[in-house]
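First comes the structure, then the notes that go with it.
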Amino acid sequence: MNDRVSKLFLPIILALSCLIAVYASVYRPAYFSSSEELAILLFLQVMLAAIWNYRARFFPLLVAAFLWAGMMVPLNAAWTSGRWLVLAVGALVGLVVYTRDQRYYFTTFHLMAFFCVIAALLSAAVSAYPSLAFLKALSLLLLFLYGSAGARVAVLGREASFFSQLLLGCEVLVYLTAVFYFIFHNEIFGNPNSLGAVMGVVVAPILLWGILVSDRPSTHYRRIFAFALTLLLLFSSYARAGIAGAAVSCVLLCVVLRRYRLLVKGAATALALAAFVAAAVPFHQQPTDSLTSVFVYKGRREDGILASRRPIWDETVSTIQEHPWLGTGFGTSPTSSEVVNQSGSFESLREATREHGNSYLAITEWVGLVGDIPFFGLVILIAVNVSRAVMQMRRTGDFLSPAVPLAGVLAAGLVHAAFEDWLFAAGYYLCVFFWTLAFIMVDVLPPPAAHDAQNTSPARAIGFGLASLSR
């Protein structure tokens, strides 16, 4: 909202809110005696405050809502339902705000995302749980709609502030997670794989970029410490997919930016931390086991690296062979011969879902080979955008560009998704964060024809603005 509208309506809204509060306290005191009604009132106040300053406040609210719903913290059950309201409001309000901007546009990436939603909706018709599959397809629609409009609004015109706050948010998340995990021995992410996913896919590449762009010594060393904590948490999870994603993204960024000395130092530090974790936080290994046996095989060498994944993959492939064309329905899998009644909860039925161990196999099972076309087309477009960002970084050496952390997160996510099935699970916080950044990447990258103007590109100007904020 512009300043004129704010000056006109803000005093009116505040006055009306005060009058309503006074009226309720005098004539309806029962409203304030119920903790549930007070929680709803507080939630609506937070929602209105986020909508009022949509560009700066709504993205943090959305990420916090999905994180809260997926973490082992108080009131997480309430956010299981509330997160969908936040996503729906964010998608609709974001679309209105974005289309009012005369600079708005949509690309092939957004068109492919629309075709993905159509494929998901069509697959719901053949599902054994059609209502559940339709709701999951609707959640995918809301996520892609928010990414196409609301997420872009959060970045457009305030890129330096957005990425600076993203860095700060990752630091805070690492410190809080370390306190809960190492001091209170509480796995707030629920399981080691989720801890490894968050640290390996999201936090590690973003903090690595934060180390590169920080100019003040205090900020530089603080982010190094946060990155070391991230590696400790990552290795403590023993999540091989998360470790692989972090390794790919960090090595990729260091190589394309020609930071070979940083790569060597980081690799040495990572090996030292891995050895420390293997000694201090054992994972059912024998005292004579090497680091390779502990972190790569997680069992007997003769069973192979993928021993824990092969049975799950074989089961998924068998299901794909039974439903090759239209799949089993988006977000649903045949796990039993009997179809149970669907509840009114906002959580997935355990009878309708199962582990796949691979996001790409999972989506093939859900929507079939026909529905695979737009989904894999979208994944290919993400890979193309990452490749463009990498080539731009290699050509210019510009570590200040916000395309650097986006490329790191997206590359880590694509690798990690080959071993975990979260990429199209719209209710999972990592899925929401990944696709939000994937849509933002479309705007951050300069047009392919703009290579000659690399020194004056908007991305470089954004990077210098962020560097000034880190001082």
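Just checking, which of Ile363, Ile382 is β-branched (Val, Ile, Thr), within 21 Å of the chain's Cα centre (by Cα) and within 20 Å of Val202 (Cα to Cα)?
Values: Ile363 fails: within 20 Å of Val202 (Cα to Cα).
From the options Ile363, Ile382, the qualifying one is Ile382.
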Among residues of region 352-373 being under 18 Å from Ala125 (Cα atoms) and not β-branched (Val, Ile, Thr), the residue modelled with the lowest pLDDT is Ala352
Condition set free of Cβ contacts under 8 Å to residues at least 24 places away in the same chain and open to solvent by less than 50 Å² (accessible area, probe 1.4 Å), scope region 69-82, selection farthest from Val97 (Cα to Cα): answer is Asn76
Of the conditions (1) among the charged types (D, E, K, R); (2) open to solvent by 40 Å² or more (accessible area, probe 1.4 Å); (3) touching a residue at least 40 places away in the same chain (Cβ under 8 Å), the single one that Asp101 does not satisfy is (2)
For region 379-418, the count of residues that are in contact with a helix residue (DSSP H, G or I) (Cβ under 6 Å, 6 or more places away or on another chain), at pLDDT 95 or above and either open to solvent by 30 Å² or more (accessible area, probe 1.4 Å) or not in a helix (DSSP H, G or I) (or both) equals 3
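If a residue has to be among the aromatic types (Phe, Trp, Tyr), open to solvent by 60 Å² or more (accessible area, probe 1.4 Å) and within 29 Å of Val390 (Cα to Cα) to count, how many in region 173-230 make the cut?
Qualifying residue count for the region: 2.
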Of the residues in region 111-132, those that are under 22 Å from the mean Cα position of the chain (by Cα) and surrounded by 18 or more Cβ atoms within 10 Å (Cβ to Cβ) come to Met112, Ala113, Cys116, Val117, Ala120
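Could you tell me which of the residues Leu430, Leu423 is at pLDDT 95 or above, open to solvent by less than 10 Å² (accessible area, probe 1.4 Å), farther than 30 Å from Asp215 by Cβ and not in a helix (DSSP H, G or I)? Outline the logic, then answer.
Working: Leu430 fails: not in a helix (DSSP H, G or I).
After ruling out the rest, the residue left standing is Leu423.
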For region 42-68, pairs from a residue that is without any contact (Cβ under 8 Å) to a residue 60 or more places away in the chain to a residue that is open to solvent by 30 Å² or more (accessible area, probe 1.4 Å) and among the small types (Gly, Ala, Ser), with Cβ under 8 Å and 6 or more apart or across chains, are Arg57/Ala49
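The values are calculated or read from the model by the stated rules, or taken from the named source; none is laboratory data. Please read all numbers here as calculations on a predicted model, not as lab measurements. Note: ideal-geometry Cβ built from the backbone for every residue, glycine included; neighbour counts use all protein chains shown. The accessibility values were calculated without ligands, DNA or RNA, using every heavy atom of the protein model including side chains. Shrake-Rupley method; radii C 1.70, N 1.55, O 1.52, S 1.80 Å.
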